[in-house]
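*Asks:* Have a look at the structure that comes next, please.
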Amino acid sequence: MSEPVAQEKILKGINASPGICIGKAYLVDKEGVDVVEKYFINAKQLQGEVKRFKAAVKKAGDEFQTVLKNRPEELQRDYILETHIALLEDKMLYGRTVETIQAEGVNAEWALKKIVSDLKATFEKMGDAYLKERAADVVHVSDAIMRNLVGIASKNIAAIDKRVILVANDLSPADTSQINLERIMGFITNRGGKASHTGIMAQALEIPAVVGLETATIAIKSDDLIIVDGNTGTVIIDPYEQTLFEYEERKVGYEDYRAVITRESHLRAETTDGTQLEVMANIEFPEEIVSVKNYGGDGIGLYRTEFLYMNRPDFPEEEELFGKYREVVELMDPKPVTIRTLDINGDKAIASQSGLDEANPALGLRAIRYCLRKPDIFRTQLRAILRAAAFGNVRILFPMITVYFEICEAIKALDAAAESLEKDGLPYKREIDIGIMIEVPSAVILADLLAEKADFFSIGTNDLIQYALAIDRGNRNVAHLYQPLDPAVLRLIQRVAEVSREKGIEVYMCGEMAATAHHIPLLLGLGIDELSMNPQSMPRAKRVIRSLSVSDARSLAREALKKKTARGVFKIIQSAYGDIISELEYH
Ligand code: PEP
Ligand code: MG
């Protein structure tokens, strides 16, 4: 009798980064805390096991201390964290875990898990609200220790030594930034929505990614053969031979198509009626300059600087930042490099701030709010930017400006940084263009006031859509509502473009909306002067622009602004440009 053929399984998610990869799955255990295994330790190694536990406790203590140290001045006293630090050494938790390791001869993770669940049960039985809170503290502290015990080995993405496709519940931008391209072919996650930073990272790395799959870590085991189609958001587990063959062909087709549009990407992005648009790149790392050049970028429209602050317990020094910025600026010279100041927190938490613990991080101490609260960290970065500016064509861009006062404070800080460099006798350049990111609806409403403080606006649609439509950009449950073509979004963009024209400043767009082929005629028609996107998308954007005329695009925009729904807007784009765009977009 022949063996039954295993059923192939298909999962549908959100296409976060294009391309197709086929290979073995590798499950990244981000939830290691819940799946602790028990094993016995022989008597000779028991002391070593206790030592390992103590080291994990010490590391958790150091992490808590770093968080405390890096808190804004006025938040310095943090009773919860102080309780956590005290709990680390508590007899109930610490002492009894050590005893359990020694008495039962078990591994530290197992002993800790056992003690914590006993403690939790005891506290919870007491029924007292205060004591229940203490149970939550115990769990928090033990999680921190557990992460140090199990985490390093099982979550170290940088250490993976096989060519695989990562499968995870979720990957933070910090995790993604550890991906080694020689090993990792692509990744898929249960969580994540449209425009999450994790997807943006995958695009930067030019690997296929599908997010928001919900059950990937349940349906897939390590070493399963999987196909990831980042163009359509499809994942196929244990594919039939026929499916495998089909996808091998599609993969080759996609790669050929990329090669063709890449060759053309060195042509200027000029419309059929002679208007030139700049097509710029969004980057996260200096290493991406190679792609920017390969794909014909006219400059860097957004250098996201926060990644240099991730995966480390401390903050980078001025010299390190200056070195990296200077490298980018010199490599791109004379083309412009738009350096955005630190946009941490929100969904880009950094290790040294992990204790911030905000209920609504997207509405929390993020980006410029954080920098204005941490003048030392801000000054270090501003000095590094001004110093790098002496080596080429630099613009500075402030993220998440929400109220007028913030841009005034940011410029004050920039002036103070320039003065301090002058005093130190270091070369720098202060006469650089200043830009404001328009990514919060209040900034659109205040655009006329903000324009007086800026040389350009850059519309960050990833956040503008999130904040205007109240859609968490990283949440798969509401991903279907994340609609760049919604009339509300179009009206916001229209106002920013109009105010910019009236006030005589330039208006750019650096959100993912600018990277989508079918949005480009509309953006051109609304009067956006420059589009910035992940480098991979630039060849396609240039091709679209070369096939458009500004006058047609303007009439499209006029019609689009009369529509009541995103679907209505999409339909008129489709009927006017469907033939050009479908070939590019749905390849
Ligand atoms: C945006 O919000 O559109 C943007 C470009 O910034 P980021 O994606 O880094 O938040
Ligand atoms: Mg943003």
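*Asks:* Could you look through region 236-288, keep only residues that are in contact with a strand residue (DSSP E or B) (Cβ under 7 Å, 6 or more places away or on another chain) and β-branched (Val, Ile, Thr), and pick out the one that is surrounded by the most Cβ atoms within 10 Å (Cβ to Cβ)?
*Replies:* Val279
*Asks:* Another question about this same structure. Out of Asp455, Asp463, I need the residue that is surrounded by fewer than 21 Cβ atoms within 10 Å (Cβ to Cβ) and either in contact with a helix residue (DSSP H, G or I) (Cβ under 9 Å, 6 or more places away or on another chain) or in contact (Cβ under 8 Å) with a residue 60 or more places away in the chain (or both). Which one?
*Replies:* Asp455
*Asks:* Hey, another quick one. Hey, any hits in region 215-228 for a residue that's crowded, with 22+ Cβ neighbours inside 10 Å and under 13 Å from Pro18 (Cβ atoms)?
*Replies:* There is at least one residue in region 215-228 that is crowded, with 22+ Cβ neighbours inside 10 Å and under 13 Å from Pro18 (Cβ atoms).
*Asks:* Name the residue, out of Asp298, Asp357, that is closer than 29 Å to Ile465 by Cα and either under 19 Å from the mean Cα position of the chain (by Cα) or without any contact (Cβ under 8 Å) to a residue 24 or more places away in the chain (or both).
*Replies:* Asp357
*Asks:* Of the residues that make up region 488-506, is at least one part of a strand (DSSP E or B) and more than 19 Å from the chain's Cα centre (by Cα)?
*Replies:* Yes, region 488-506 contains at least one residue that is part of a strand (DSSP E or B) and more than 19 Å from the chain's Cα centre (by Cα).
*Asks:* So, in region 527-538, of the ones that are assigned to a helix (DSSP H, G or I) and surrounded by fewer than 24 Cβ atoms within 10 Å (Cβ to Cβ), which residue ends up nearest to ligand 1 (Cβ to nearest atom)?
*Replies:* Going through the qualifying residues, I end up with Ser537.
*Asks:* If you take the residues of region 389-417 that are part of a strand (DSSP E or B) and within 16 Å of ligand 2 (Cβ to nearest atom), which of them is farthest from Tyr467 (Cα to Cα)?
*Replies:* Ile396
*Asks:* Do we find a residue being in a helix (DSSP H, G or I), closer than 20 Å to Leu68 by Cα, of a type outside the set (Val, Ile, Thr) and within 16 Å of ligand 1 (Cβ to nearest atom) anywhere in region 379-386?
*Replies:* Looking for residues that are in a helix (DSSP H, G or I), closer than 20 Å to Leu68 by Cα, of a type outside the set (Val, Ile, Thr) and within 16 Å of ligand 1 (Cβ to nearest atom), one finds none in region 379-386, hence no.
*Asks:* Taking the residues in region 169-209 that are outside any helix (DSSP H, G or I), under 17 Å from Lys348 (Cα atoms) and among the aliphatic types (A, V, I, L, M) as candidates, determine which candidate is farthest from the chain's Cα centre (by Cα).
*Replies:* Ile179
*Asks:* Would you confirm whether or not region 317-336 contains a residue that is crowded, with 18+ Cβ neighbours inside 10 Å, within 14 Å of ligand 1 (Cβ to nearest atom) and hydrophobic (A, V, I, L, M, F, W, C)?
*Replies:* Taking every residue of region 317-336 in turn, none turns out to be crowded, with 18+ Cβ neighbours inside 10 Å, within 14 Å of ligand 1 (Cβ to nearest atom) and hydrophobic (A, V, I, L, M, F, W, C).
*Asks:* Next up: Taking into account only those residues within region 455-467 that are within 16 Å of Ser196 (Cα to Cα) and aliphatic (A, V, I, L, M), which is farthest from ligand 1 (Cβ to nearest atom)?
*Replies:* Among those that are within 16 Å of Ser196 (Cα to Cα) and aliphatic (A, V, I, L, M), it is Ile465.
*Asks:* May I pose another question? Kindly list the number of the only condition in (1) away from ligand 1 (no atom under 13 Å from the Cβ); (2) in contact with a helix residue (DSSP H, G or I) (Cβ under 6 Å, 6 or more places away or on another chain); (3) within 21 Å of Arg554 (Cβ to Cβ); (4) not hydroxyl-bearing (Ser, Thr, Tyr) that fails for Val489.
*Replies:* (1)
*Asks:* Looking for whichever is within 16 Å of ligand 1 (Cβ to nearest atom) and modelled with pLDDT under 95 here; the options are Arg473, Arg395. Which one fits?
*Replies:* The conditions single out Arg473.
The values are calculated or read from the model by the stated rules, or taken from the named source; none is laboratory data. Every value quoted in this text rests on a predicted model; they were computed, and no experiment measured them. Backbone-built Cβ (ideal geometry, glycine too); neighbour counts: all protein chains shown.
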